[in-house]
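Structure first, commentary second.
The values are calculated or read from the model by the stated rules, or taken from the named source; none is laboratory data. Not measured: the values here are computed from a predicted model. All Cβ positions, even for glycine, are placed from backbone atoms using ideal geometry, and neighbour counts span all protein chains on display.
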Amino acid sequence: MTLDGQASGPPPTIFLQLTVNKQGIIAGTVTNTEDPDNVQAIEGMVDKKTQRSAWVIQGKNSPIMETGIANLTKDEAPALLHFADGQTQQWLMVRLEEPAD
């Protein structure tokens, strides 16, 4: 993940893995390579009516990340990150190939 609209620069340091089950429950992990020992669990839901998906770090109320459920199937897609102070940032999610090993 990287802030959207930034010119190419340093490689991304935030990596997100998500799973969504048939009931719309989102689970996964987020890792920042600047602190690789700090892997955090993700929890969230898909709103079946609006087709929006939203998730947070487990046990926290913010920031909340959201995107359309269809975006999770794309190689690149925007996502919004909503902070407790009311600020919102647009981020870009990029699918990475699974390593061969």
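Overview of values
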{"quantity": "All positions within the range 7-27 that are of a type in the set (Gly, Ala, Ser) and modelled with pLDDT of 75 or more", "calculated": "Gly24, Ala27"}
{"quantity": "Flag if Met45 is at pLDDT 90 or above and surrounded by 12 or more Cβ atoms within 10 Å (Cβ to Cβ)", "calculated": "yes"}
{"quantity": "Unmet criterion (only one of (1) touching a residue at least 12 places away in the same chain (Cβ under 8 Å); (2) among the basic types (Lys, Arg); (3) closer than 17 Å to Gly24 by Cβ) for Lys49", "calculated": "(1)"}
{"quantity": "Of residues in the range 41-54 being among the polar types (S, T, N, Q) and either out of contact with any Ser or Thr (no Cβ under 7 Å at 6 or more places or on another chain) or outside any strand (DSSP E or B) (or both), the one farthest from Thr73 (Cα to Cα)", "calculated": "Thr50"}
{"quantity": "Matching residues, the range 55-79, being part of a strand (DSSP E or B), farther than 17 Å from Pro12 by Cβ and in contact with a Ser or Thr (Cβ under 8 Å, 6 or more places away or on another chain)", "calculated": "Val56, Glu66, Gly68"}
{"quantity": "Yes/no for Asp4 being exposed (fewer than 10 other Cβ atoms within 10 Å of the Cβ) and modelled with pLDDT under 95", "calculated": "no"}
{"quantity": "Restricting the range 52-67 to residues that are of a type in the set (Gly, Ala, Ser) and over 14 Å from Ile25 (Cα atoms), the residue that is farthest from the chain's Cα centre (by Cα)", "calculated": "Gly59"}
{"quantity": "Flag if Arg95 is at pLDDT 95 or above, surrounded by 11 or more Cβ atoms within 10 Å (Cβ to Cβ) and either charged (D, E, K, R) or in contact with a Cys (Cβ under 8 Å, 6 or more places away or on another chain) (or both)", "calculated": "no"}
{"quantity": "First in the range 9-21 and over 17 Å from Ser53 (Cβ atoms), second anywhere and modelled with pLDDT under 85 and in a strand (DSSP E or B), Cβ under 6 Å, 6 or more apart", "calculated": "Pro12/Thr2"}
{"quantity": "Asn71 vs. criteria polar (S, T, N, Q) and surrounded by 15 or more Cβ atoms within 10 Å (Cβ to Cβ)", "calculated": "yes"}
